[in-house]
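The values are calculated or read from the model by the stated rules, or taken from the named source; none is laboratory data. Quantities reported herein were computed from a predicted structural model and do not represent experimental measurements. All Cβ positions, even for glycine, are placed from backbone atoms using ideal geometry, and neighbour counts span all protein chains on display.
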Amino acid sequence: MRIPKSATDRPQVVELAARLAEYALSTKFQKLDARTIKEMKARMVDALGCAIGAYDEGPVRMARRTVLGLRDSGPSTVLGTASRSSPDLATFVNGFMVRYFDYNDTYLSKEPAHPSDNLAPCLSVAEAEGSSGRELIAAAVAAYEIQCRLCDAADIRHRGWDHVNYGLVSSALAASKLMGLGEAKSTQAVNLALNGHIAMRQVRAGELSMWKGASFANAARNGVFAAALAREGVTGPSPIFEGEMGFFKQVSGPFELEVGRFGGRSGGYKVNETYVKYWPAEYHAQSAIWAALELRGKVGELRRVESVLVETHEAGYTILGKDPEKWKPKTKETADHSLPFIVAMALLKGTVDNATYSQASLRDPEGLALTARVRVAEDPGLTSMYPDRGMPNRITVKMTDGREARAQVDVPKGHPANPMSKDDIDGKFLRLATRHLGDARAKRALDRLWRLDEEREAGDVLGLLRVRER
């Protein structure tokens with residue numbers, strides 16, 4: 001007679017939240033390679049340039065007033081100001097600033113992401129905790145790794161959920177790491193963050209609202225608050241991924257995630273695979289802008305353009321070219337996610353910048369007339385290339401005299417296979433920040449950010465980003 005093994009003899013399966021917590025806490029600056037450190041500092045430069053550039057934008061001012069109206073004191077700087085607030089509230093407004101121009105970095109996989117959205121919670125908590133620059137960099141690398149690996153694991157956008165839900169995990173663990181929590185409390189931070197704050201994909205459907213730029217900022221605010229609660233001993237629902245009504249059942253479907261293949265173990269760090277934006281537009285439009293600029297010199301007078309066909313991959317079509325609102329965008333958020341509008345403006349103006357999305361530009365009759373002549377279609381051949389061989393876009397311009405001109409760009413500048421140089425990144429930072437900081441202080445801030453690993457207290461560099469009085 002065989003005696004069955006008892007339940008206690010069975011191998012224990014460690015829940016995913018705990019495995020991710022263990023990974024985050026194990027990520028140490030001393031173990032990072034030189035390339036990863038350099039790329040992480042480059043993403044910090046890029047994100048903070050985007051944030052300071054957005055300082056005066058209307059929705060950012062609204063968020064800042066709201067946060068400072070709730071709490072105008074605390075340990076964490078509200079970027080661009082001398083004011084401080086709590087780490088979670090500072091995370092919200094600072095994250096909104098990073099994201100507002102849709103100019104910060106991107107990662108594209110089964111699920112898209114903007115990993116530098118993690119930098120606002122990292123900065124706010126690091127300042128509150130007196131963390132060093134090296135501790136900040138290690139936490140940011142861990143956050144990038146966790147969010148990007150989750151994006152590799154499962155597509156949630158086609159199930160109706162926003163990609164920022166993965167940021168609930170990464171921001172909670174980055175905050176836990178900087179707060180010095182152990183594995184058990186860090187796991188509870190994930191449980192707390194995920195259970196109560198799942199975001200719907202409606203934020204990126206149809207006419208886009210101001211919340212498009214705030215969705216991750218709010219997720220990160222909740223991640224930081226969850227870590228603060230966990231530090232005090234508050235527990236959350238568990239197992240949050242595998243449970244009867246957990247994340248796998250309700251949101252993502254089941255997936256496997258081999259933490260042993262994460263960066264620093266048997267794999268490379270994901271920050272090195274993220275994409276920097278050369279143009280302020282959703283990343284799937286980057287190659288379309290380059291293609292449009294290539295065609296601009298070939299087509300002559302735009303009034304003689306009969307039609308413009310943009311052929312793209314599935315993600316480009318679904319995110320940027322499916323909704324009728326994309327042809328007459330009423331908001332900046334819709335316009336910077338509109339392939340027809342972005343392509344028309346690149347052809348018309350020869351560039352795409354933040355002024356492209358002004359209300360005057362959205363109402364410009366010439367721009368709207370050209371946008372109306374743009375058609376967007378998915379090409380299965382281009383879809384098969386995405387994302388491993390780029391995010392291709394092909395544009396064909398047909399003229400009234402029957403001539404046609406065509407251009408296809410597969411890998412835009414800023415992609416890991418076609419990276420922006422340090423000079424490109426510095427130039428972008430200075431273009432965005434100088435008008436708010438002045439030339440000398442913008443250059444000093446840039447220098448300090450590139451030497452972030454030398455800072456004894458990471459928060460000290462934020463004082464250089466204070467917007468000058470006008």
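Numerical summary
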read-out	value
Residues of segment 314-328 classified as crowded, with 18+ Cβ neighbours inside 10 Å and touching a strand residue (DSSP E or B) at 6+ places or on another chain (Cβ under 7 Å), total	3
Answer from ALA360, ALA285, ALA355, ALA292 - the residue that is closer than 27 Å to SER421 by Cα, free of Cβ contacts under 8 Å to residues at least 24 places away in the same chain and either surrounded by fewer than 18 Cβ atoms within 10 Å (Cβ to Cβ) or not basic (Lys, Arg) (or both)	ALA355
When residues of segment 287-316 are limited to those that are touching an Asp or Glu at 6+ places or on another chain (Cβ under 8 Å) and among the acidic types (Asp, Glu), the one farthest from ALA344 (Cα to Cα)	GLU314
Given (1) more than 21 Å from ALA291 (Cβ to Cβ); (2) basic (Lys, Arg); (3) modelled with pLDDT under 95, index of the condition ARG389 fails	(1)
Number of the condition not met by GLY180 [criteria: (1) in contact (Cβ under 8 Å) with a residue 24 or more places away in the chain; (2) buried (at least 24 other Cβ atoms within 10 Å of the Cβ)]	(2)
Count - residues of segment 446-457 that are outside any loop (DSSP other than H, G, I, E, B) and in contact (Cβ under 8 Å) with a residue 24 or more places away in the chain	6
Selected residue (criterion: nearest to ALA291 (Cα to Cα)) from residues of segment 394-413 that are acidic (Asp, Glu) and out of contact with any Lys or Arg (no Cβ under 6 Å at 6 or more places or on another chain)	ASP410
Those strands (runs of 3 or more DSSP E) lying entirely in segment 366-426 with at least 2 residues surrounded by fewer than 17 Cβ atoms within 10 Å (Cβ to Cβ)	374-378, 404-409
So ASP460, is it surrounded by fewer than 18 Cβ atoms within 10 Å (Cβ to Cβ), touching a strand residue (DSSP E or B) at 6+ places or on another chain (Cβ under 8 Å) and in a helix (DSSP H, G or I)	no
Subset of segment 294-316 [touching a Leu at 6+ places or on another chain (Cβ under 8 Å) and either among the aliphatic types (A, V, I, L, M) or under 19 Å from GLN202 (Cα atoms) (or both)]	LEU295, VAL299, LEU302, VAL305, VAL308, VAL310, ALA315, GLY316
Helices (runs of 4 or more DSSP H) completely within segment 9-123 that count 1 or more residues being surrounded by fewer than 21 Cβ atoms within 10 Å (Cβ to Cβ)	16-26, 34-53, 58-70
In segment 133-151, the residues that are under 18 Å from LEU194 (Cβ atoms) and among the acidic types (Asp, Glu)	GLU145
Filter pass, ILE319 being within 24 Å of ARG201 (Cα to Cα) and not assigned by TED's automatic domain parsing to the domain that holds ARG99	yes
Residue list for segment 147-185, filter: hydroxyl-bearing (Ser, Thr, Tyr) and out of contact with any Leu (no Cβ under 6 Å at 6 or more places or on another chain)	SER170, SER171, SER176
So THR356, is it closer than 24 Å to VAL98 by Cα and either of a type in the set (Asp, Glu) or outside the structural domain of LYS38 (by TED's automatic domain parsing) (or both)	yes
Yes/no for GLU22 being over 30 Å from ALA281 (Cα atoms), among the acidic types (Asp, Glu) and out of contact with any helix residue (DSSP H, G or I) (no Cβ under 7 Å at 6 or more places or on another chain)	no
Positions within segment 325-339 being farther than 25 Å from LYS428 by Cα and either assigned by TED's automatic domain parsing to the domain that holds ARG99 or not basic (Lys, Arg) (or both), in sequence order	GLU325, TRP327, PRO329
Residue among GLU207, GLU244 that is in a loop (DSSP other than H, G, I, E, B), closer than 21 Å to HIS158 by Cβ and of a type outside the set (S, T, N, Q)	GLU207
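Table: residues versus (1) modelled with pLDDT of 95 or more; (2) β-branched (Val, Ile, Thr).
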| site | (1), (2) |
| --- | --- |
| ARG265 | yes, no |
| THR274 | yes, yes |
| TRP279 | yes, no |
| SER287 | yes, no |
| LEU295 | yes, no |
| LEU302 | no, no |
| THR312 | yes, yes |
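Every residue, every condition in (1) surrounded by fewer than 24 Cβ atoms within 10 Å (Cβ to Cβ); (2) within 27 Å of LEU32 (Cα to Cα), yes or no:
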| site | (1), (2) |
| --- | --- |
| ALA140 | no, yes |
| TRP161 | yes, no |
| LEU194 | no, no |
| HIS197 | yes, no |
| ARG201 | yes, no |
| GLY206 | yes, no |
| SER209 | yes, no |
| GLY213 | no, no |
| ALA230 | no, no |
